[in-house]
Every structure is written in C-alpha cells, then in structure tokens.
C-alpha cells in the first residue's frame, strides 16, 4: 500500500489484479486472495489484521473491502511514535532543596510556643533565694 493512498483504492486495485490472475488461468483461493490483500496493507492496519485472523472470519473479497473501509475510519491519521526516555539516577524520588531542609530543621528545633504558663507550686523552693512560695 502506498503512503497517502486510501484503503478503498488499494483494495480495489488488488481485487482487480486477483481477477486478472483468474483470467490468465492461475486462480487464487479465497483464503489466499484474502491473505495477499491483508499482507499488502500498511502497518497501521496491524490491529485489524490480527483481529481478523483471530476471529477466523470467512468473508468474500467485497466484504473484506467494506470491513477495511470502516476500519480505516477508526485508525488515527497521525502516526506519532512515542519514545521512552530513561535517565540514570536514583529513581523518581524528589529530593528536598537545601532551603526547605533548613526550614524543616529549624521548625523541629523551635520550642513550642504555649500560651499557658506553668504554675509554680506554693510548696516549691526558689532556686535562687532558697525560699518557699514565691
């Protein structure tokens, strides 16, 4: 199949060539003609070919032609190839920057701010004056 050609034109041309072979006295079986047509298609029809062969459908060449035309509508025109990029390293772990590490350490070292003052008991002794209750 030529680049940019529609499957309609290509299969129609292939059926014509198969009919010419019959006129010349070398007919192909229906299965052989179907295989020739399927193998002449572009790589974008690989999924269709696999499904067709797995379902073991026995179709005439005209029915195959109609199936290929409807399958062509569902094949995306854009043949983008995805590329996987692999990078050497420790993986997907995101390391924290030095600034954020410093902030985390500073927060951990901060004394908790509490609004409640500890109550000093009346019976406790003052460290400086050594007196009780003040």
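Each value in this text was obtained by applying a stated rule to the coordinates, not by laboratory testing. The model shown is predicted, which means the values in this text are computed figures rather than measured ones. Please note: Cβ atoms are built from the backbone with ideal geometry, for glycine as well, and neighbour counts cover all protein chains shown.
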Is there a residue being exposed (fewer than 12 other Cβ atoms within 10 Å of the Cβ) and within 25 Å of the chain's Cα centre (by Cα) anywhere in the range 24-44?
-> yes
Could you list, in sequence order, the residues of the range 56-73 that are exposed (fewer than 13 other Cβ atoms within 10 Å of the Cβ) and within 26 Å of the chain's Cα centre (by Cα)?
-> 70, 73
Name the pairs: first residue in the range 17-40 and touching a residue at least 40 places away in the same chain (Cβ under 8 Å), second residue in a loop (DSSP other than H, G, I, E, B) and surrounded by 11 or more Cβ atoms within 10 Å (Cβ to Cβ), Cβ to Cβ under 9 Å, at least 6 apart or on different chains?
-> 18/27; 18/28
